[in-house]
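A short write-up of the structure that comes next.
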Amino acid sequence: YFIFLITASFLLDARLCILLGALAAIEYLGLTIIFLSEDGGIEFGATAIKSVLLLGTGVLSGIVSGTIRKSVVASLESQRILIEELDHKVKERTSELNQQKEIIEEKQKEILDSINYAKRIQYTLLAHEDFLKQNLKEHFVLFKPKDIVSGDFYWCTLKQNEKQSEKGDFYLAVCDCTGHGVPGAFMS
(Lines give C-alpha, C1' and ligand atoms only; values in the text may rest on other atoms or scores of the structure.)
Protein backbone atom coordinates (compact mmCIF):
# COMPACT_ATOMS: atom_id res chain seq x y z
CA TYR A 1 0.00 0.00 0.00
CA PHE A 2 2.85 2.36 0.86
CA ILE A 3 4.47 1.73 -2.54
CA PHE A 4 1.11 2.39 -4.20
CA LEU A 5 0.75 5.70 -2.36
CA ILE A 6 4.31 6.82 -3.16
CA THR A 7 3.79 5.93 -6.83
CA ALA A 8 0.42 7.64 -6.86
CA SER A 9 1.93 10.68 -5.14
CA PHE A 10 3.98 11.39 -8.28
CA LEU A 11 0.83 11.34 -10.36
CA LEU A 12 -1.68 12.83 -7.94
CA ASP A 13 -1.83 15.87 -5.75
CA ALA A 14 -0.35 15.50 -2.21
CA ARG A 15 -3.71 16.32 -0.57
CA LEU A 16 -5.34 13.54 -2.55
CA CYS A 17 -2.73 11.05 -1.29
CA ILE A 18 -3.41 12.07 2.31
CA LEU A 19 -7.13 11.72 1.69
CA LEU A 20 -6.66 8.25 0.15
CA GLY A 21 -4.58 7.18 3.15
CA ALA A 22 -7.18 8.53 5.55
CA LEU A 23 -10.05 6.82 3.72
CA ALA A 24 -8.17 3.52 3.67
CA ALA A 25 -7.43 3.83 7.38
CA ILE A 26 -11.06 4.63 8.21
CA GLU A 27 -12.29 1.73 6.12
CA TYR A 28 -9.79 -0.60 7.69
CA LEU A 29 -10.61 0.78 11.15
CA GLY A 30 -14.28 0.02 10.54
CA LEU A 31 -13.38 -3.63 10.35
CA THR A 32 -11.31 -3.41 13.51
CA ILE A 33 -12.34 -5.56 16.42
CA ILE A 34 -12.15 -3.68 19.71
CA PHE A 35 -11.59 -5.78 22.78
CA LEU A 36 -12.45 -4.89 26.34
CA SER A 37 -9.67 -5.77 28.71
CA GLU A 38 -10.25 -7.38 32.12
CA ASP A 39 -9.63 -4.14 33.91
CA GLY A 40 -12.36 -2.43 31.91
CA GLY A 41 -10.08 -0.64 29.41
CA ILE A 42 -10.36 -0.75 25.65
CA GLU A 43 -7.88 -2.91 23.79
CA PHE A 44 -7.34 -2.56 20.05
CA GLY A 45 -6.67 -5.50 17.86
CA ALA A 46 -3.99 -5.84 15.19
CA THR A 47 -6.26 -4.33 12.54
CA ALA A 48 -6.53 -1.10 14.49
CA ILE A 49 -2.78 -0.76 14.51
CA LYS A 50 -2.72 -1.49 10.79
CA SER A 51 -5.33 1.20 10.16
CA VAL A 52 -3.24 3.75 12.07
CA LEU A 53 -0.23 2.69 10.01
CA LEU A 54 -2.28 3.17 6.84
CA LEU A 55 -3.29 6.64 7.94
CA GLY A 56 0.33 7.46 8.75
CA THR A 57 1.47 6.07 5.41
CA GLY A 58 -1.09 8.21 3.58
CA VAL A 59 0.00 11.34 5.43
CA LEU A 60 3.69 10.56 4.95
CA SER A 61 3.28 9.85 1.23
CA GLY A 62 1.29 13.07 0.86
CA ILE A 63 4.06 15.06 2.54
CA VAL A 64 6.76 13.36 0.47
CA SER A 65 4.69 13.85 -2.64
CA GLY A 66 4.14 17.52 -1.90
CA THR A 67 7.84 18.09 -1.29
CA ILE A 68 8.87 16.22 -4.42
CA ARG A 69 6.17 17.91 -6.48
CA LYS A 70 7.28 21.36 -5.29
CA SER A 71 10.91 20.66 -6.17
CA VAL A 72 9.91 19.22 -9.57
CA VAL A 73 7.68 22.22 -10.31
CA ALA A 74 10.46 24.61 -9.25
CA SER A 75 12.95 22.74 -11.44
CA LEU A 76 10.58 22.78 -14.41
CA GLU A 77 9.94 26.50 -13.91
CA SER A 78 13.68 27.26 -13.82
CA GLN A 79 14.14 25.16 -16.96
CA ARG A 80 11.29 27.02 -18.68
CA ILE A 81 12.92 30.35 -17.79
CA LEU A 82 16.29 29.09 -19.05
CA ILE A 83 14.69 27.91 -22.32
CA GLU A 84 13.00 31.29 -22.77
CA GLU A 85 16.33 33.07 -22.19
CA LEU A 86 18.08 30.78 -24.68
CA ASP A 87 15.28 31.28 -27.19
CA HIS A 88 15.63 35.05 -26.79
CA LYS A 89 19.41 34.81 -27.31
CA VAL A 90 18.93 32.65 -30.41
CA LYS A 91 16.49 35.20 -31.84
CA GLU A 92 18.96 38.04 -31.12
CA ARG A 93 21.84 36.15 -32.77
CA THR A 94 19.66 35.23 -35.74
CA SER A 95 18.70 38.88 -36.15
CA GLU A 96 22.37 39.91 -35.99
CA LEU A 97 23.31 37.25 -38.55
CA ASN A 98 20.52 38.36 -40.89
CA GLN A 99 21.73 41.97 -40.65
CA GLN A 100 25.31 40.90 -41.35
CA LYS A 101 24.12 38.73 -44.24
CA GLU A 102 22.27 41.69 -45.75
CA ILE A 103 25.39 43.89 -45.42
CA ILE A 104 27.56 41.21 -47.06
CA GLU A 105 25.05 40.70 -49.87
CA GLU A 106 24.93 44.45 -50.51
CA LYS A 107 28.75 44.67 -50.57
CA GLN A 108 28.95 41.66 -52.87
CA LYS A 109 26.42 43.26 -55.21
CA GLU A 110 28.45 46.50 -55.27
CA ILE A 111 31.68 44.60 -56.01
CA LEU A 112 30.07 42.48 -58.73
CA ASP A 113 28.51 45.57 -60.30
CA SER A 114 31.96 47.17 -60.40
CA ILE A 115 33.58 44.06 -61.88
CA ASN A 116 30.80 43.75 -64.49
CA TYR A 117 31.38 47.38 -65.43
CA ALA A 118 35.11 46.60 -65.71
CA LYS A 119 34.16 43.72 -68.03
CA ARG A 120 32.32 46.13 -70.31
CA ILE A 121 35.40 48.37 -70.42
CA GLN A 122 37.69 45.40 -71.07
CA TYR A 123 35.54 44.10 -73.94
CA THR A 124 35.51 47.53 -75.59
CA LEU A 125 39.33 47.52 -75.57
CA LEU A 126 39.58 44.07 -77.18
CA ALA A 127 39.62 43.80 -80.96
CA HIS A 128 36.14 43.54 -82.46
CA GLU A 129 35.17 40.69 -84.74
CA ASP A 130 34.48 42.86 -87.81
CA PHE A 131 37.94 44.50 -87.54
CA LEU A 132 39.55 41.04 -87.36
CA LYS A 133 37.56 39.84 -90.42
CA GLN A 134 38.75 42.82 -92.50
CA ASN A 135 42.40 42.13 -91.74
CA LEU A 136 42.70 38.36 -91.26
CA LYS A 137 41.39 35.80 -93.72
CA GLU A 138 41.15 32.96 -91.23
CA HIS A 139 40.95 33.48 -87.52
CA PHE A 140 39.11 32.55 -84.37
CA VAL A 141 38.99 33.97 -80.88
CA LEU A 142 38.80 31.79 -77.80
CA PHE A 143 38.53 34.17 -74.87
CA LYS A 144 37.23 32.60 -71.65
CA PRO A 145 37.99 34.64 -68.55
CA LYS A 146 38.45 32.65 -65.34
CA ASP A 147 36.36 35.21 -63.53
CA ILE A 148 34.22 37.95 -64.99
CA VAL A 149 37.31 39.79 -66.26
CA SER A 150 40.65 38.38 -67.40
CA GLY A 151 44.31 39.28 -67.10
CA ASP A 152 44.95 37.79 -70.54
CA PHE A 153 43.95 39.86 -73.53
CA TYR A 154 44.42 40.29 -77.29
CA TRP A 155 44.94 43.55 -79.13
CA CYS A 156 45.39 44.57 -82.76
CA THR A 157 45.87 47.71 -84.76
CA LEU A 158 46.43 48.78 -88.35
CA LYS A 159 49.22 51.23 -89.11
CA GLN A 160 48.39 53.32 -92.16
CA ASN A 161 51.01 53.77 -94.86
CA GLU A 162 51.79 57.19 -96.16
CA LYS A 163 50.08 56.34 -99.43
CA GLN A 164 46.38 56.11 -98.86
CA SER A 165 45.91 53.59 -101.66
CA GLU A 166 48.10 50.94 -100.03
CA LYS A 167 47.08 48.84 -97.13
CA GLY A 168 49.10 49.41 -93.94
CA ASP A 169 50.78 47.01 -91.56
CA PHE A 170 48.59 44.94 -89.28
CA TYR A 171 49.80 44.28 -85.75
CA LEU A 172 48.34 41.63 -83.49
CA ALA A 173 49.30 41.00 -79.87
CA VAL A 174 48.14 38.15 -77.67
CA CYS A 175 49.17 38.80 -74.07
CA ASP A 176 49.27 36.48 -71.12
CA CYS A 177 49.33 38.27 -67.80
CA THR A 178 50.69 36.76 -64.63
CA GLY A 179 47.80 36.32 -62.26
CA HIS A 180 44.26 35.32 -62.88
CA GLY A 181 40.88 36.93 -62.91
CA VAL A 182 40.43 40.30 -61.28
CA PRO A 183 44.04 40.81 -60.08
CA GLY A 184 45.38 39.90 -63.55
CA ALA A 185 42.87 42.27 -65.16
CA PHE A 186 44.10 45.08 -62.93
CA MET A 187 47.67 44.32 -64.01
CA SER A 188 46.66 44.33 -67.67
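The values are calculated or read from the model by the stated rules, or taken from the named source; none is laboratory data. No experiment lies behind these values; they were computed from the predicted model shown. Counting neighbours? That spans all protein chains shown, and the Cβs are built from the backbone with ideal geometry, glycine included. SASA here: full protein model, heavy atoms, side chains in, ligands and nucleic acids out. Shrake-Rupley method; radii C 1.70, N 1.55, O 1.52, S 1.80 Å.
Just the residues that are among the charged types (D, E, K, R) and open to solvent by 90 Å² or more (accessible area, probe 1.4 Å), please, taken from region 106-123.
Glu106, Lys107, Lys109, Arg120
Being touching a Leu at 6+ places or on another chain (Cβ under 8 Å) and without any contact (Cβ under 8 Å) to a residue 24 or more places away in the chain is the filter; apply it to region 98-157 and report the residue that is nearest to Met187 (Cα to Cα).
The residue in question is Phe143.
Looking at the structure I just gave you, is Ala127 closer than 30 Å to Ala173 by Cα and open to solvent by less than 100 Å² (accessible area, probe 1.4 Å)?
yes
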